[in-house]
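Throughout, read-outs are computed from the coordinates displayed, never taken from laboratory work. From a predicted model like this one, the values you see are computed outputs, not experimental measurements. Quick reminder, even Gly has a Cβ in these numbers, built from the backbone with ideal geometry, and neighbours come from all protein chains shown.
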């Protein structure tokens with residue numbers, strides 16, 4: 001594995017790889033790698049000749065209430081994990097390398113950001129879109145890999161790829177979970193023992209909602225209310241939201257059809273957890 005810190009060098013390597021007919025899989029991350037990242041790496045490794053992993057803590061996607069400087073970082077550990085899991089090139093640029101001077105242009109995400117977590121994180125997805133656009137131009141991948149745990153980010157990037165005609169295939173990986181269904185997250189360590197026991201009900205409540213749909217319920221309001229009752233009866237955390245939308249459009253729907261997402265967020269004492277399920281509804285079902 002080779003560590004690359006220069007944009008020009010990464011572009012040169014990618015250009016040479018593409019000219020030699022090699023396919024490039026790309027996994028963009030902010031580092032502090034965990035099992036969710038490793039699942040992305042595994043899928044990218046299986047589907048491409050060359051695997052590029054980027055680690056860059058992007059300041060543009062942090063809001064004023066979010067402490068960019070306290071975001072966890074461990075370059076040595078991340079480098080070791082990347083090498084162990086078959087990464088060919090680790091792109092590890094500095095902020096100065098990525099943003100050598102103030103940007104003269106911006107990207108404004110207009111759709112898919114006024115719901116779920118994006119409702120409170122104003123400007124967050126603008127920063128995501130900006131850095132992903134830069135990374136796509138730098139790495140020039142054939143395929144790029146994202147986890148469905150952050151389904152709203154996937155929806156935004158799907159729109160970005162489509163709107164700007166990137167010749168890149170968006171590949172997604174299912175959420176990696178604990179044995180009891182809880183979505184794996186670095187935030188889980190902040191749960192108390194009691195909260196950890198209750199946290200399994202987040203996913204179970206989503207499966208409860210999925211079961212309602214599979215049994216024929218098509219009214220989103222009824223589904224949301226039943227999920228909320230199921231969950232509130234089993235946890236002491238505060239439910240931030242339970243929402244149901246079309247996917248990836250993230251638009252309200254009156255009657256369920258095609259692909260939909262049920263998503264939720266719960267605030268425990270020291271950890272805010274998110275989760276979702278995405279399901280296809282057959283025509284006429």
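What per residue convex hull volume, in Å³, do the alpha-carbon atoms of the chain yield?
144
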Checklist outcome for this item: So the angle from the long Cα axis of helix 220-232 to the longest Cα principal axis of the chain, reported in degrees to the nearest 10, equals 90
Next on the checklist: To test your reading of the geometry: what angle, between 0 and 90 degrees and rounded to tens, separates the Cα axis of helix 75-84 from the longest principal axis of the chain?
Outcome noted: 90
Checklist entry - When the Cα centres of the range 157-201 and the range 1-64 are compared, how far apart do they sit, in Å? => result 19
Checklist entry - residue 193 to residue 9: extension gain in nm, 0.36 nm per residue of separation minus the Cα-Cα distance? => result 61.5 nm
Checklist outcome for this item: Percent of all Cα-Cα pairs per 5 Å bin for the range 186-281, counting from 0 up to the last occupied bin, reads 3, 14, 26, 23, 15, 11, 6, 2
Item to check | Between 0 and 90°, nearest 10: helix 7-19 axis offset from the chain longest Cα axis | outcome: 90
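Using a 10 Å cut-off on Cβ atoms, rank the peptides 247-254, 41-48, 25-32 from the highest mean neighbour count down.
Listed from highest to lowest mean packing, they are 25-32, 41-48, 247-254.
Sorted by packing (mean other beta-carbon atoms within 10 Å per residue), highest first, where do 196-202, 153-159 land? Each step should come with its number before you reach the end.
Details: 196-202: 19.1, 153-159: 22.1.
Ranked by mean Cβ neighbours within 10 Å, highest first: 153-159, 196-202.
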Checklist entry - Calculated from DSSP H runs of 4 or more alone, at -39500 (n - 2.57) each and per residue, what is the 222 nm mean residue ellipticity of the chain, nearest 500? => result -11500 deg cm²/dmol
